[in-house]
1. Provide a single number: the residues in region 32-65 that are touching a helix residue (DSSP H, G or I) at 6+ places or on another chain (Cβ under 8 Å) and loosely packed, with under 13 Cβ neighbours inside 10 Å.
2. Among the residues of region 13-34, what is the count of those that are under 14 Å from residue 61 (Cβ atoms) and free of Cβ contacts under 8 Å to residues at least 60 places away in the same chain?
3. Would you check which residues across region 95-106 are surrounded by 21 or more Cβ atoms within 10 Å (Cβ to Cβ) and at pLDDT 95 or above and list them?
4. For region 13-31, which residues satisfy the criterion of being within 22 Å of residue 100 (Cα to Cα) and surrounded by fewer than 11 Cβ atoms within 10 Å (Cβ to Cβ)?
5. With the condition being at pLDDT 95 or above, I'd like the helices (runs of 4 or more DSSP H) fully within region 1-90 carrying at least 2 qualifying residues.
6. Taking region 82-117 on its own, how many of its residues are within 20 Å of residue 64 (Cβ to Cβ), without any contact (Cβ under 8 Å) to a residue 60 or more places away in the chain and in contact with a helix residue (DSSP H, G or I) (Cβ under 8 Å, 6 or more places away or on another chain)?
7. Could you tell me how many of the residues in region 40-67 are touching a strand residue (DSSP E or B) at 6+ places or on another chain (Cβ under 7 Å) and within 21 Å of residue 90 (Cα to Cα)?
8. Can you give me the number of residues within region 68-83 that are surrounded by 10 or more Cβ atoms within 10 Å (Cβ to Cβ) and farther than 14 Å from residue 34 by Cα?
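The values are calculated or read from the model by the stated rules, or taken from the named source; none is laboratory data. Quantities reported herein were computed from a predicted structural model and do not represent experimental measurements. Neighbour counts are summed over all protein chains in view; Cβ atoms, including those assigned to glycine, are modelled from backbone coordinates with ideal geometry.
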């Protein structure tokens, strides 16, 4: 990228493209999760995770993993996957060895892995980052 850093809309478009690459059974389940892109994680998110530096959090899954859900659970709202633009951009600039769409896709897969209860072998089938 040259000039101005990519917008929140760019990040969302890249994240949706990554979701489009999920295998059919997972794509249908992923569609039930809200995807949100923000500049930074909120202070409450950081405090809950015991993180002092907001650059350390590129994404976050909020919800109950499918492997732990029960029909007896009271719904508290939709599951949400967050992407944080500024921390992702900082990592991208610092690394200098990865394309931004690939980094965004990696964060998307990682956060949805929390939702699906995936292990590294499951992730590697979708995200070649792990090879």
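1. Residues in region 32-65 being touching a helix residue (DSSP H, G or I) at 6+ places or on another chain (Cβ under 8 Å) and loosely packed, with under 13 Cβ neighbours inside 10 Å: 2 in total.
2. 2
3. Across region 95-106, the qualifying residue is only 104.
4. Across region 13-31, the qualifying residue is only 20.
5. Qualifying helices (runs of 4 or more DSSP H): 8-20, 43-49.
6. 4
7. 8
8. 1
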